[in-house]
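Beneath this line is the structure, given in structure tokens, with notes to follow.
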Amino acid sequence: MEEGDAFIIHKNRGRKPKHAFSDEFKDTIVDLKKSEEYRDVNFSHFVDLLAEKGVEVSYSSVYRILTE
């Protein structure tokens, strides 16, 4: 009641979520997929190849990053 209507607005509005991927990480994923080595692989195989290199990211995250 002391804050009025502002009480309803979420305090993190306009901020990036803490667990979100950084823009640099997303750019790295996109650049790797565009590279000669990974250009012709499907998303599922791409996720497996990333895991072999130590980059743990889910299929759904890769799909979302590459289709944006």
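Could you state the angle between the C-alpha long axis of helix 23-34 and the longest principal axis of the C-alpha atoms of the chain, as a value from 0 to 90 degrees rounded to the nearest 10?
20 degrees
Only helical DSSP H runs with n ≥ 4 go in: add -39500 (n - 2.57) per run for the chain, normalise by residue count and round the 222 nm mean residue ellipticity to 500 deg cm²/dmol.
Only helices count here, giving -13500 deg cm²/dmol.
How large is the accessible surface per residue of the chain, computed with a 1.4 Å probe and reported in Å² as a whole number?
Using a 1.4 Å probe on heavy atoms only, each residue of the chain averages 85 Å².
Roughly how many Å² of His45 are accessible to a 1.4 Å probe, to the nearest 10?
80 Å²
Glu36 accessible area, nearest 10 Å², 1.4 Å probe?
140 Å²
Please state, to two decimals, what the Cα-based radius of gyration of the chain comes to when divided by 2.2 N^0.38 Å (N = residues).
Cα-based Rg divided by the globular estimate yields 1.63.
Computed FRET efficiency, Cβ-Cβ of Tyr59 and Asp31, R0 22 Å: what is it to the nearest 0.05?
Result of the calculation: an efficiency of 0.70.
Quick one: if you stick a label point 7 Å off each Cα along the C-beta vector at Glu68 and Arg39, how many nm between them?
Inter-label distance under the simple model: 2.4 nm.
Got a sec? Which residues in region 42-60 would a label at Phe21 touch, if it sits 7 Å along Cα→Cβ and we count backbone N under 13 Å?
43-44, 46-48, 50-51, 55-60
If you rank Phe21, Phe46 by how much accessible surface each has, with a 1.4 Å probe, what is the order from largest down?
Phe21, Phe46
The values are calculated or read from the model by the stated rules, or taken from the named source; none is laboratory data. Not measured: the values here are computed from a predicted model. Because the Cβ atoms are built from the backbone with ideal geometry, glycine has one as well, and the counts that use them run over all protein chains shown. The area values use the complete protein model at the heavy-atom level, side chains included, leaving out ligands, DNA and RNA. Shrake-Rupley method; radii C 1.70, N 1.55, O 1.52, S 1.80 Å.
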